[in-house]
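One structure is given here, and the rest of the page talks about it.
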Amino acid sequence: MVIVGAGECGARAAFALREQGYAGPVTLIGAERHLPYERPPLSKDGMAAGTDSIRTIADAARFEAAGIALRLATEVVSIDRATRKVGLGDGTEVPYEKLLLATGARPRILPLAEGSRNCLYLRTHDDAGAIAQRLRPGARIVIVGGGFIGLELAAAARGRDCTVSVHEALPRLLARAVPQDIAVVIANAHRANGVDIHCGVSIAAITDTDHGVLVGMADGAAIAADLCIIGIGAVPNAELADQVGLAVENGIRVDEQLRASDPAIFAAGDCCSFPLPLYDGRRVRLEAWRNAQEQGALAARNMLGADALHDTVPWFWSDQYQLTLQIAGLPDEGARTVRRDLDDGAFLLFHLAADGRLVAASGIGPGNSVARDIRLAEMLIARRASPQAEKLALAEIKLKSLLAA
Amino acid sequence: MAEWIEACAAGDIDEEDVMRFDHAGRTFAVYRSPDDEYFATDGLCTHERVHLADGLVMDDIIECPKHNGRFNYKTGAAKGAPVCVNLKTYPVKVTAGKVLIEIE
Ligand SMILES: Cc1cc2nc3c(=O)[nH]c(=O)nc-3n(C[C@H](O)[C@H](O)[C@H](O)COP(=O)(O)OP(=O)(O)OC[C@H]3O[C@@H](n4cnc5c(N)ncnc54)[C@H](O)[C@@H]3O)c2cc1C
Ligand code: FES
């Protein structure tokens, strides 16, 4: 068994092979030099804390104890499907019986920023280190992109007393994934914390200066900054699959068992697009931590012949300042929204399809105030339940009771 | 030295639910199982120090509110990624309608 990509998903898959009782060789190959680690802290408390903290998924001893051959700082450059071998950057080959591609995603590049020394992206621990080093008190930081990474970094940069502005080309923040009501709460939190937010403006020019960078806007404004951080989305690492003729469609195309268009090859995590049974097989690609874990574990089982379906409810969280947002399901599947207000300004939104089925739930509030209800909503969504809208709206009615119904 | 500390009244916790209990600078989670028994563990998740009492109890499991890490609250056993370090558990008894936990 060979796994390409030693991130959240690849590491989970490697351990899952052992948990499933597989005793043969397992090789986990990763391009980064670090032990597999968790990415979410990179833009959150990890960034707030500074450069050196890295939260590994398991230490070297655990990989060794599990008999997982870890090849770090090693890139897979080719796949030979006919002879079932992967080729490494150093010219050597590793044979496989089943192959898992867990190659993740990388930041989308802003062509205007090409060649700039003062524009950075965030995906890896090393990226985070480079950014953290430059978030000095008083530093002027321009963030391009009002998505999760940009906004979490904005919060972290404010925590380090930087001057921060966020520039989003679309009319509002988090337009792709987050309902308007919640995006408004997040925008207000940023404003209250002194972040300057501009929506509906695109970037027209980026020029390095002696001490930083000049960011020119389409409306003619120009902002001088010490550092520009670009967070305009991610693209799947699907080139390796594409090169050898595997189907690629917004990522490596897999079926509901996470099998690519070659039955000996699976793909999982941020690099793949897959059909979601929950929404009649709608094809999606998720960039979410729990999805990477779940798919890694499931791919491992299916590499061993389990033929299990990936039938799950997408789930995502983000932390900004004291607020945590959680989303279960895909809100854009909903035709109408029911709101439930909780204590301390926290609230939940239930997204119902036209036929009344609960298809998604989202919530925001201080700390973990929405977590339990989002988890219960997730169970209702998984059951394809159609709870009464009136009951969903009332905080006195426990969601657990709707689950029992 | 271990001593028994009153955490709450038995009726303060619903069946299949959890409550936070702070004592002497420490924080605990006290559980009532679906079959009406009481248990106690350390209050913070072993992954990122988050209060488990904000999480969801299902049967023998407490699920962390932050990233859905799971523990068996009766034994403290971590039930898989992202949590891999077990939770410490504490003896519990119910006397005269009070839930007491034994803390050293
Ligand atoms: C800063 C940041 C914050 C995040 N915050 C959240 C959050 O709050 N909530 C949430 O749900 N999700 C969050 N995510 C998303 C989550 O981290 C990802 O969904 C998850 O890491 C995906 O795991 P993966 O293993 O599929 O990909 P990755 O973690 O990207 O791992 C893929 C690995 O494969 C390696 N690789 C690629 N190609 C090759 C090759 N040819 N040979 C060898 N190795 C290769 C890469 O170097 C990389 O190490 C965040 C992501 C980032 C970057
Ligand atoms: S903090 Fe509990 S699972 Fe992460």
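Within the stretch A:117-126, the residues that satisfy the criterion of being open to solvent by 30 Å² or more (accessible area, probe 1.4 Å) and touching a strand residue (DSSP E or B) at 6+ places or on another chain (Cβ under 7 Å) are A:Arg117, A:Leu120, A:Tyr121, A:Arg123.
Suppose the filter is in contact with a Ser or Thr (Cβ under 7 Å, 6 or more places away or on another chain), at pLDDT below 95 and closer than 21 Å to A:Ala58 by Cβ; does B:Val50 pass it? Answer is no for this residue.
Taking the condition in the same structural domain as A:Lys98 (by TED's automatic domain parsing), aliphatic (A, V, I, L, M) and open to solvent by 40 Å² or more (accessible area, probe 1.4 Å), does A:Ala31 pass? Criteria met by A:Ala31. Residues that are modelled with pLDDT of 95 or more and hydroxyl-bearing (Ser, Thr, Tyr) are absent from the stretch A:54-61. List pairs: first in the stretch B:72-86 and within 14 Å of chain A (Cβ to nearest Cβ) and closer than 19 Å to A:Gln293 by Cβ, second basic (Lys, Arg) and open to solvent by 60 Å² or more (accessible area, probe 1.4 Å), Cβ under 6 Å, 6+ apart or cross-chain? If the second residue must be basic (Lys, Arg) and open to solvent by 60 Å² or more (accessible area, probe 1.4 Å), the pairs left are B:Lys79/B:Arg70.
Considering only residues that are near ligand 2 (Cβ under 8 Å from one of its atoms) and charged (D, E, K, R), look in the stretch B:26-65 and name the one that is farthest from the other protein chains (Cβ to nearest Cβ). Taking the candidates together, the pick is B:Arg49. Scanning the stretch A:330-364 for residues that are surrounded by fewer than 23 Cβ atoms within 10 Å (Cβ to Cβ) and among the small types (Gly, Ala, Ser) turns up A:Gly334, A:Ala335, A:Gly345, A:Ala346, A:Ala353, A:Ala354, A:Gly356. Criterion applied to A:Ser362, A:Ser386 was being among the hydroxyl-bearing types (Ser, Thr, Tyr), more than 16 Å from ligand 1 (Cβ to nearest atom) and more than 21 Å from A:Gly269 (Cα to Cα), and the one residue passing it is A:Ser386. Which of the strands (runs of 3 or more DSSP E) found entirely inside the stretch A:326-392 contain at least 2 residues meeting this: in contact with a Gly (Cβ under 7 Å, 6 or more places away or on another chain)? Passing ranges, in order: A:347-352, A:358-366.
Filtering the stretch A:267-313 to residues that are away from every other protein chain (no Cβ under 14 Å), within 12 Å of ligand 1 (Cβ to nearest atom) and more than 20 Å from A:Leu99 (Cβ to Cβ) leaves A:Leu286, A:Glu287. When you check A:Ala23 against the structure, is it more than 10 Å from ligand 1 (Cβ to nearest atom), within 14 Å of chain B (Cβ to nearest Cβ) and open to solvent by 20 Å² or more (accessible area, probe 1.4 Å), yes or no? Criteria not met by A:Ala23. Is there a residue being free of Cβ contacts under 8 Å to residues at least 60 places away in the same chain, under 22 Å from A:Glu378 (Cα atoms) and more than 13 Å from the chain's Cα centre (by Cα) anywhere in the stretch B:20-40? Yes, the stretch B:20-40 contains at least one residue that is free of Cβ contacts under 8 Å to residues at least 60 places away in the same chain, under 22 Å from A:Glu378 (Cα atoms) and more than 13 Å from the chain's Cα centre (by Cα).
Picking from residues in the stretch A:378-398 that are within 11 Å of chain B (Cβ to nearest Cβ) and modelled with pLDDT of 95 or more, the one that is farthest from A:Gln320 (Cα to Cα) is A:Met379.
Could you list, in sequence order, the residues of the stretch B:1-15 that are open to solvent by 60 Å² or more (accessible area, probe 1.4 Å) and over 17 Å from B:Glu63 (Cβ atoms)? Scanning the stretch B:1-15 gives B:Met1, B:Glu3, B:Trp4, B:Glu6, B:Gly11, B:Asp12.
In the stretch A:306-313, is there at least one residue being among the aliphatic types (A, V, I, L, M), open to solvent by less than 10 Å² (accessible area, probe 1.4 Å) and either more than 22 Å from A:Pro40 (Cα to Cα) or assigned by TED's automatic domain parsing to the domain that holds A:Ala385 (or both)? No: the stretch A:306-313 contains no residue that is among the aliphatic types (A, V, I, L, M), open to solvent by less than 10 Å² (accessible area, probe 1.4 Å) and either more than 22 Å from A:Pro40 (Cα to Cα) or assigned by TED's automatic domain parsing to the domain that holds A:Ala385 (or both).
Would the stretch A:224-242 turn up any residue that is open to solvent by 60 Å² or more (accessible area, probe 1.4 Å), modelled with pLDDT of 95 or more and more than 30 Å from A:Met303 (Cβ to Cβ)?
Applying the first criterion (open to solvent by 60 Å² or more (accessible area, probe 1.4 Å)) to the stretch A:224-242 yields A:239, A:242.
From what's left, modelled with pLDDT of 95 or more: A:239, A:242.
Still in the running and more than 30 Å from A:Met303 (Cβ to Cβ): none.
There is no residue in the stretch A:224-242 that is open to solvent by 60 Å² or more (accessible area, probe 1.4 Å), modelled with pLDDT of 95 or more and more than 30 Å from A:Met303 (Cβ to Cβ).
The single condition among (1) out of contact with any Pro (no Cβ under 7 Å at 6 or more places or on another chain); (2) of a type in the set (A, V, I, L, M); (3) open to solvent by less than 30 Å² (accessible area, probe 1.4 Å) that A:Leu394 does not meet is (3). Residue count for the stretch A:43-63 under the criterion of being of a type outside the set (Lys, Arg) and in contact with an Asp or Glu (Cβ under 7 Å, 6 or more places away or on another chain): the result is 2. Scanning the stretch A:68-86 for residues that are more than 14 Å from A:Ala241 (Cβ to Cβ) and open to solvent by less than 30 Å² (accessible area, probe 1.4 Å) yields A:Ile68, A:Thr74.
The residues of the stretch A:131-143 that are in contact with a strand residue (DSSP E or B) (Cβ under 6 Å, 6 or more places away or on another chain) and open to solvent by 10 Å² or more (accessible area, probe 1.4 Å), listed by number, are A:Arg134, A:Arg140. Looking at the structure I just gave you, is A:Asp196 surrounded by fewer than 17 Cβ atoms within 10 Å (Cβ to Cβ) and within 22 Å of A:Leu348 (Cβ to Cβ)? Criteria not met by A:Asp196.
The values are calculated or read from the model by the stated rules, or taken from the named source; none is laboratory data. Only a predicted model underlies this, so the values are computations on that prediction, with no experimental measurement involved. Here Cβ is always computed from backbone atoms with ideal geometry, including for glycine, and neighbour counts include all displayed protein chains. To get the accessible areas, we keep the full protein, side chains included, count just its heavy atoms, and leave off ligands, DNA and RNA. Shrake-Rupley method; radii C 1.70, N 1.55, O 1.52, S 1.80 Å.
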